[in-house]
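Below is one structure; the comments refer to it alone.
The values are calculated or read from the model by the stated rules, or taken from the named source; none is laboratory data. Here the structure is a predicted model, which means the values were calculated and not measured. Here the Cβ positions follow ideal geometry from the backbone for every residue, glycine too, while neighbour counts run over all protein chains shown. To get the accessible areas, we keep the full protein, side chains included, count just its heavy atoms, and leave off ligands, DNA and RNA. Shrake-Rupley method; radii C 1.70, N 1.55, O 1.52, S 1.80 Å.
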Amino acid sequence: MNYTCRDIMIDHPLTLHPAMTIAEAFEVIHHRGVRYFPVVDDAGDFVGIFSSMSLIELLLPRGITANPARGKKLPELDFMKTTVEELRSRLRERGQEPITDHLVTENIPLLYPETSLMEALYLIYQYHSHAIIVEKGGRRFLGVVSINGILDHIQGAKG
């Protein structure tokens with residue numbers, strides 16, 4: 001059998017709504033223990049991704065996140081003494097901002113139910129991201145292919 005995204009996708013994952021605030025999204029992330037959420041509008045269309053990394057980015061000073069040190073020497077940050085209360089305060093200050101201001105919308109693999117498992121694996125590897133499954137010819141959200149989902153299928157596969 002040639003596996004496709006349809007065979008391994010999570011077709012009813014938890015999603016967030018674009019009208020949610022940072023504070024609301026934080027509550028869902030914190031209480032559900034899920035770190036990666038597709039954001040889906042009222043029409044059922046995929047809008048973007050909001051994740052625990054989006055929250056971490058909000059807690060870091062903007063000067064650091066504006067110039068990420070990817071592949072370079074990390075900036076010296078020991079001079080910045082931060083308490084947990086200061087981080088809570090930053091989160092409260094930004095809590096009423098809409099999540100749509102902080103969505104990842106680029107470099108997300110958008111695949112179709114009939115996309116092969118091998119193509120899904122390659123794109124997940126290439127983008128270091130879950131794959132979003134949408135209806136062919138549109139952006140109607142159908143599900144997610146996650147790394148853990150693929151590994152679970154491999155572990156449970158017979159033969």
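Summary of computed values
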quantity	calculated
Number of positions in the stretch 1-50 that are hydroxyl-bearing (Ser, Thr, Tyr) and not in a strand (DSSP E or B)	2
Search result, residues across the stretch 119-159 that are touching a residue at least 12 places away in the same chain (Cβ under 8 Å), open to solvent by less than 80 Å² (accessible area, probe 1.4 Å) and either out of contact with any strand residue (DSSP E or B) (no Cβ under 9 Å at 6 or more places or on another chain) or in a helix (DSSP H, G or I) (or both)	Ala120, Leu121, Leu123, Ile124, Ile147, Gly149, Ile150
Sole exception among (1) touching a strand residue (DSSP E or B) at 6+ places or on another chain (Cβ under 9 Å); (2) free of Cβ contacts under 8 Å to residues at least 40 places away in the same chain for Gly95, by number	(2)
Cross-chain or 6+ apart pairs with Cβ under 6 Å, the stretch 20-40 first and more than 17 Å from Leu59 (Cα to Cα), then open to solvent by 40 Å² or more (accessible area, probe 1.4 Å) and among the hydrophobic types (A, V, I, L, M, F, W, C)	Val34/Leu14; Val39/Val47
Output for the stretch 103-118, where each listed residue is closer than 21 Å to Leu14 by Cβ and open to solvent by 70 Å² or more (accessible area, probe 1.4 Å)	Thr105
Near pairs, Cβ below 6 angstrom, 6+ apart or cross-chain, from the stretch 3-14 (among the charged types (D, E, K, R)) to any residue that is open to solvent by less than 80 Å² (accessible area, probe 1.4 Å)	Arg6/Pro113; Asp11/Gly143
